[in-house]
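**Q** Take this structure, written in structure tokens, and hold onto it; I'll ask about it next.
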Amino acid sequence: MLFQLSMEKFPLFTNKRFFFTLFFLLFFSFSLQSAERIARIDFVGLVKTEASSLKGRLSSKEGAFYSQKSASQDVKALFATGLFEDVSVSREGGAGGIRLVFHVVEKGTIGAITFRGNRKVKKKDLENALTIREFNQIDEGKISESVRAIKKLYEEKDYSLVEVGWHLDPLDSENNEYELVFDIQENRGVKIRRIAFVGNKAFSDKKLAKQMRTKVKGFLSFINKSGKLDDDVLQSDTDLLYYFYLNKGYLKAKIGKPQVSLTRNNRALNITIPVFEGVPYKISSVDVAGDIMTTREELLSQLELKAGETYSRMKQDQDTMTLGSIYGDQAYAFASVVPRITTNDEAKTADIVYDIQKGPKIFVEKIVIKGNIITHDKVIRREMQIMENAPYNQSAIDLSKRRLVQLGYFSEVNVATPRGSRDDLIDLVIEVKEKPTGSFSIGAGFSSLESFIFNASIQKDNFFGRGLKGGVMANISKLRQEFAFNATDRYFLDTRWITSLNVHRYSSALNRDFDQKSFGGALTFGREVFPFFDASVGYNIEDVTVTNFSSQVPAFFQQNASGLTSSVLSTLAYDTRDNRIFTTKGMYNAVSGEYAGHGVGGDNDYWKMQAESRVFFKMPWKTVLKARGLFAYVNSLSSDPVPLFERFFLGGVNTLRGFDFNSIGPSLSIPSSATGGDHDFTYGGNRMMMFNLEYEVPLYDPAGIRAVIFADTGQSYAETESIDILRFRSDYGFGLRWNSPFGPLRFEWGFPIKKREGESFTVFNFTIGQSF
């Protein structure tokens, strides 16, 4: 009874938690007393590495209690440094604690790198290709990368059969240094002579070979690198061939591993590719499943693949992207669209179901600009068609990227969408790589017509990184003085208004029949009405003086030839070019009008209209096909003829390149003198049609050197003449173009077709700037 009472007085002892806690404390105290402390940590086997630098990487510390788990982690950490071939750990007991010893075998160091057997490639080029350097630790992975880099270097020089090995020679045993020796057997430089296929029946060898980037040696191999064997390219060619067969409906097609062999004389390569074609499959049905956002019928109407057609992987990929864009435009940034194909091998048909999982709606948290060193953030942000905190919209992002590329300020524009602060937020990261956008040139030359010529120009498309475009230009010779200034701001005072200003002063005695002086300028204001479509209006004023008429100029052209032109301008332009400076695809269409008359304060009365269209096609091998069409019309609003300086002449570097400057157009036969003989006076037309065609081919892309072949045709017509394309004058020619540090330079030789008496066999043209 007494015992029970005393227990009741101390209820703590009746608690099971108390006994458990007491037991744990006693056990933990005993464990601490029995654990061993680390008195010292030593390293055995170090040659160059300092022990103090390694101790900082260890979780085991002197004075701390020893742990087998920590010691094992320390072994892994020492291995992870890449400094050692072998690491182990041991412990030795003592009165003051244990001594922890790490036994290491250091990797050797590369004291020197030597190449043996290289004759076709310089030592310096080989050294630059290596991924391992002198005084690096020996790393077999990096040595293998260097071997591949050396082989790649030889392959670029058509030595595809090169063999590269390596070995180590002791250099300094005391310091564990070795000499890394690359043994190179160059063998003979060879080109691809033949590409053949085995097992193909539906498509010829020639048809299949056209799908590949690997080509047999051709006539222009020194330019297009045909005949060169690149293992990586050849491997990717098998994917291109497989994709070709899938686009033709061959769902079961297989492409084997290419076999490369030397010809009997060891001077060329043959490539043989095994092919299993199968048969083409038809589409029996197309459907969508999963998260149907609108209606099944509406989604199916947007797809390219239809039931009854031959299967095409290209159309399937397009449909996948189309569905992804539809959902992406509704803020479903991570919508998953997976095409599932079920085949019926007996009927040779396939059912396709696009399985759609839309996921959550996503919003743009921040827009982050990276890579712009010169260009201000606002120049990039004002092209963005999507704002922060707005729902994700794929079409708006694609359009934003397109507009940034079109500026011509950047060589690269990349878009990334990393996760934001929440799962339903993303950051829109725009990373750009800037490129030079200006040109400066100064030069002098000699012309048989103008004698000494001096020219200078400065042109910039992104002044001060603010997106301003402008330039100044001067040409001075014995017969010509020309000065011009131009400036354009597409976001005047940070608004959506487009402002352009140009001022010019011109004096010329180039025309054999009269001299001309002019001074004037124009100011225009415009606005982007909708994407890529601009509308503008402006005012132009120009004072022109024409003097020193020759006796061949008719009197009615001399009357009112000088005077003040005051005019109102208007332009509509649709511009989808991928790059306004160096265009490779897209189009530019513009219609402009000009009214000049006494009503706006001028002496000359006329109205002028011009329509222009330019089209650019991106072709294989980085080539570009360009075409331009131009029609212009001017009409006098009084009894006076259209002034000479407003009429249309053809001939020269920017019109018909096979003819002399302003030599093509309506003309009058005027007696040269009282004694006889006639002289043709070209007075220009009031209507003009012209067409230009160009094909640009890269010669050396790193330096921006390209070749061009061209053809021009056109004619101008007088008021009394009807437009007759049979009277067109035509030419053809070739040239070189260099995107130099001073701006785009053009060197072109034009040849007239059906040359007439008095015309040159060839005309050389040189200028700075783009053709069109």
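**Q** To check you understand DSSP bridge types, tell me what percent of the beta bridges within the stretch 41-184 (both residues inside) are antiparallel, rounded to 5.
**A** The antiparallel proportion sits near 60 percent.
**Q** Which far-off residues, 5 or more places away or on another chain, put their amide H under 5 Å from the one on TYR250, with H placed in the peptide plane?
**A** HN-HN under 5 Å from TYR250: TYR281.
**Q** TRP607: accessible area at probe 1.4 Å, nearest 10 Å²?
**A** Result for TRP607: roughly 100 Å² accessible.
**Q** Using only the alpha-carbon atoms, what does the stretch 384-500 span along each of its principal axes? Please give whole angstrom values in decreasing order.
**A** Largest to smallest, the principal-axis extents are 72, 27, 22 Å.
**Q** Grab the DSSP H runs of the chain that are 4 residues or longer, score each as -39,500 (n - 2.57), total them, divide by all residues and round the 222 nm result to the nearest 500 deg cm²/dmol.
**A** Details: 14 runs with 140 residues, N = 772.
Estimated from H runs of four or more residues: -5500 deg cm²/dmol.
**Q** Given Cα pairs under 8 Å that are at least 6 residues apart, what percent is the relative contact order of the stretch 526-572?
**A** Details: 56 pairs, mean separation 23.2, N = 47.
Answer for the stretch 526-572 is 49 percent.
**Q** Based on the Cα gyration tensor of the stretch 152-295, what are the three equivalent ellipsoid semi-axes, each the root of five times an eigenvalue, rounded to whole Å and given largest first?
**A** Values: eigenvalues 355, 119, 36 Å².
With the √(5λ) rule applied to the stretch 152-295, the semi-axes are 42, 24, 13 Å.
**Q** Tell me the carbon and sulfur percent of the accessible area for the stretch 617-772, rounded to whole percent, probe radius 1.4 Å.
**A** Values: 4810 of 7760 Å².
C and S atoms contribute 62 percent here.
**Q** Pull up the cross-link candidates among the aspartates and glutamates for LYS228, meaning alpha carbon to alpha carbon under 16 Å and not fewer than 8 places away within one chain.
**A** GLU155, GLU156, ASP158, GLU186, ASP237
**Q** Here is a further query. Considering the convex hull of the alpha carbon atoms of the chain, report its projected area averaged over all viewing directions, in nm², one decimal.
**A** Values: hull surface 244.0 nm².
That works out to 61.0 nm², a quarter of the Cα hull's surface.
**Q** Explain nothing, just compute: Karplus ³J(HN,Hα) = 6.51 cos²θ - 1.76 cosθ + 1.60, θ = phi - 60°, for every residue of the stretch 488-501 in order, whole Hz, x for Gly and Pro.
**A** Result, ordered by residue: 9, 10, 7, 9, 4, 6, 6, 10, 8, 7, 9, 10, 9, 9 Hz.
**Q** Rounded to the nearest 20 Debye, what is the dipole magnitude of the chain about its Cα centre when Lys and Arg each give +1 and Asp and Glu each give -1 at the C-beta? Could you put the intermediate results ahead of the total?
**A** Details: 97 positive and 91 negative charges, 359 e Å.
Charge dipole, the chain, about its Cα centre: 1720 debye, nearest 20.
**Q** Among the helices of the chain (complete DSSP H runs), which have Cα atoms covering no less than 15 Å along the helix axis and a Kyte-Doolittle mean of at least 0.0? If you can, show how the numbers build up before the last one.
**A** Details: long enough: 16-34 (27 Å, 1.19); 68-80 (18 Å, -0.28); 140-156 (24 Å, -0.86); 231-247 (24 Å, -0.25); 313-328 (22 Å, -0.91); 394-407 (20 Å, -0.22).
What comes out of the filter, once short or polar helices are dropped, is 16-34.
**Q** Which Rg and Dmax, in Å, describe the Cα atoms of the stretch 590-749?
**A** Calculated on Cα positions, Rg and Dmax stand at 19.3, 62 Å.
**Q** Still on this model: Just to verify a number: what accessible area does VAL216 come out at with the full protein assembly present, 1.4 Å probe, Å² rounded to tens?
**A** Taking all protein chains as shown, VAL216 has close to 60 Å².
**Q** Enter the accessible area of ILE195 (Å², nearest 10), with the probe set to 1.4 Å and all protein chains included.
**A** Rounded to the nearest 10, the figure is 20 Å².
**Q** Follow-up. In whole percent, what relative contact order does the chain give with Cα contacts below 8 Å and a gap of six or more residues? List each step's numbers first, then the result.
**A** Details: 1716 pairs, mean separation 35.0, N = 772.
Relative contact order of the chain: 5 percent.
**Q** Another one. Find the accessible area per residue for the chain; the probe is 1.4 Å, ligands and nucleic acids are left out, and the unit is Å².
**A** On the way: 42290 Å² over 772 residues.
On a per-residue basis, the chain sits at 55 Å².
**Q** Can you tell me the alpha carbon radius of gyration of the stretch 390-438 divided by the globular rule-of-thumb value 2.2 N^0.38 Å?
**A** Details: Rg = 12.9 Å, N = 49, 2.2 N^0.38 = 9.7 Å.
Against the empirical 2.2 N^0.38 Å value, I get 1.33 for the stretch 390-438.
**Q** With N residues in the stretch 537-682, what two-decimal value do you get for its Cα radius of gyration over 2.2 N^0.38 Å? Could you put the intermediate results ahead of the total?
**A** Working: Rg = 19.5 Å, N = 146, 2.2 N^0.38 = 14.6 Å.
For the stretch 537-682, the normalised Cα radius of gyration comes out at 1.33.
**Q** In addition: Considering only C-alpha atoms, what is the centroid distance from the stretch 314-371 to the stretch 137-203, in Å?
**A** 42 Å
**Q** Roughly how many percent of the accessible protein surface of the stretch 111-159 is carbon and sulfur, given a 1.4 Å probe and a whole-percent answer? Spell out each step's value before the answer.
**A** Working: 1240 of 2950 Å².
Of the solvent-accessible surface of the stretch 111-159, carbon and sulfur hold 42 percent.
**Q** Using only the Cα atoms of the stretch 242-358, construct the convex hull and provide its projected area averaged over every direction, in square nanometres to one decimal.
**A** On the way: hull surface 38.8 nm².
Reported value for the Cα convex hull: 9.7 nm².
**Q** Based on alpha-carbon atoms only, what is the radius of gyration of the stretch 435-547 relative to the globular estimate 2.2 N^0.38 Å? Working shown, then result.
**A** Numbers: Rg = 17.3 Å, N = 113, 2.2 N^0.38 = 13.3 Å.
Ratio of Cα Rg to 2.2 N^0.38 Å: 1.31.
**Q** Please compute one quarter of the surface area of the Cα convex hull for the stretch 323-448 and express it in square nanometres.
**A** Numbers: hull surface 60.2 nm².
If you wrap the Cα atoms of the stretch 323-448 in a convex hull and average its projections, you get 15.1 nm².
**Q** Also, I was wondering about something else. Tell me, how many Å apart are the Cα centres for the stretch 505-549 and for the stretch 407-428?
**A** Cα centroid to Cα centroid, the span is 43 Å.
**Q** Spelling out what I want: for every residue of the stretch 107-114, take phi, set θ = phi - 60°, compute 6.51 cos²θ - 1.76 cosθ + 1.60 (Karplus), and round to whole Hz; glycine and proline get x.
**A** Each residue of the stretch 107-114 in turn: 5, x, 10, 7, x, 7, 10, 10 Hz.
**Q** Here's another thing I want to ask about it. First compute the accessible area of the stretch 505-568 with a 1.4 Å probe, then give the percent of it belonging to carbon and sulfur atoms. Show your work: numbers first, answer last.
**A** Values: 1840 of 3170 Å².
For the stretch 505-568, the apolar C and S fraction of the accessible surface comes to 58 percent.
**Q** Also, I was wondering about something else. Quick one: 3J(HN,Hα) in Hz for the stretch 371-380, Karplus 6.51/-1.76/1.60 with θ = phi - 60°, rounded, Gly and Pro as x.
**A** Calculated HN-Hα couplings, in order: x, 7, 9, 9, 5, 5, 3, 5, 5, 7 Hz.
**Q** List the residues, sorted by chain then number, that are 5 or more residues from ASP603 or on another chain and whose placed amide H is less than 5 Å from its amide H.
**A** Residues meeting the amide H criterion: LEU564, THR565, SER566.
**Q** Taking amide H positions as placed in the peptide plane 1.01 Å from N, state which residues far from ALA64 in sequence (5 or more) or on other chains have amide H under 5 Å from it.
**A** Under 5 Å from the amide H of ALA64 lie the amide H atoms of ILE38, each far enough along the sequence or on another chain.
**Q** Take the Cα gyration tensor of the stretch 111-222, multiply each eigenvalue by 5, square-root it, and list the three semi-axes largest first, rounded to whole angstrom.
**A** Working: eigenvalues 309, 42, 24 Å².
Each semi-axis is the square root of five times an eigenvalue, giving 39, 14, 11 Å.
The values are calculated or read from the model by the stated rules, or taken from the named source; none is laboratory data. Keep in mind that what you see is a predicted model, and the values were worked out from it rather than measured. Please note: Cβ atoms are built from the backbone with ideal geometry, for glycine as well, and neighbour counts cover all protein chains shown. The area values use the complete protein model at the heavy-atom level, side chains included, leaving out ligands, DNA and RNA. Shrake-Rupley method; radii C 1.70, N 1.55, O 1.52, S 1.80 Å.
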